[in-house]
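The values are calculated or read from the model by the stated rules, or taken from the named source; none is laboratory data. Since the structure is predicted, the reported quantities are computational estimates derived from the model, not experimental observations. A quick note on method: Cβ atoms are made from the backbone with ideal geometry, for glycine too, and the neighbour counts reach across all protein chains shown. Just the protein is used for accessible areas: all its heavy atoms, side chains included, with ligands, DNA and RNA removed. Shrake-Rupley method; radii C 1.70, N 1.55, O 1.52, S 1.80 Å.
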Amino acid sequence: IVYMLRASALFASGVYLTYHFVGNPLMVQGCSMKPTLDDGDVVWKKQLREIKGNINRGDIVCFYSPIDSKKVLITKRITAMPSDRVNWQGGTVYIPPGHVWVRGDNPKESTDSNLYGPIPMNLIQGKITHKCFPRPSKIQ
């Protein structure tokens, strides 16, 4: 029994450490990221600690809503970085330091920076690196 308790404790510790320090699976909800990600796809989210600020234009990230941080994580693609300029609502927006511009790959179905403007980078929780299910692949 002691052996089984130790093995269970080690397994639980490994799961906890992986989930909180390396990454974890997420299920995509909605079709705003089609054709890259479909509703129901399972993806791997690399934790923010693991990416250590290595976020670039073109990366798919998950973040808390700038409008309602109690919502589930939102998944979008970064299309502009700090100091970039973006055409928005008939004008040009300068992306301030510490912010990014995000958009869904399916603009007709996406709630993104076109609605709420640049998002603070501190809302980003991780980077989507792989699709795990149903067709495993590396995210480009």
>> I'd like to know if segment 132-139 contains one or more residues that are assigned to a strand (DSSP E or B), open to solvent by less than 80 Å² (accessible area, probe 1.4 Å) and either touching a Phe, Trp or Tyr at 6+ places or on another chain (Cβ under 9 Å) or among the basic types (Lys, Arg) (or both).
In response: yes
>> Return the residues of segment 64-83 that are within 25 Å of residue 46 (Cα to Cα) and assigned to a loop (DSSP other than H, G, I, E, B); say none if nothing qualifies.
In response: 64, 65, 66, 67, 68, 69, 70, 71, 72, 73, 81, 82
> Which residue pairs have Cβ atoms closer than 6 Å, lie 6 or more positions apart in sequence or on different chains, and pair a first residue in segment 55-79 that is free of Cβ contacts under 8 Å to residues at least 12 places away in the same chain with a second residue that is open to solvent by less than 50 Å² (accessible area, probe 1.4 Å) and not in a strand (DSSP E or B)?
Replying inline: 71/65
> How about segment 102-132: which of its residues are more than 12 Å from the chain's Cα centre (by Cα) and under 15 Å from residue 33 (Cα atoms)?
Replying inline: 105, 106, 107, 108, 109, 110, 111, 112, 113, 114, 131
> Do any residues in segment 99-114 that are farther than 12 Å from residue 79 by Cβ have Cβ atoms under 7 Å from those of residues that are open to solvent by 20 Å² or more (accessible area, probe 1.4 Å) and part of a helix (DSSP H, G or I), where the two are at least six apart or on different chains, and which pairs are they?
Replying inline: 99/121
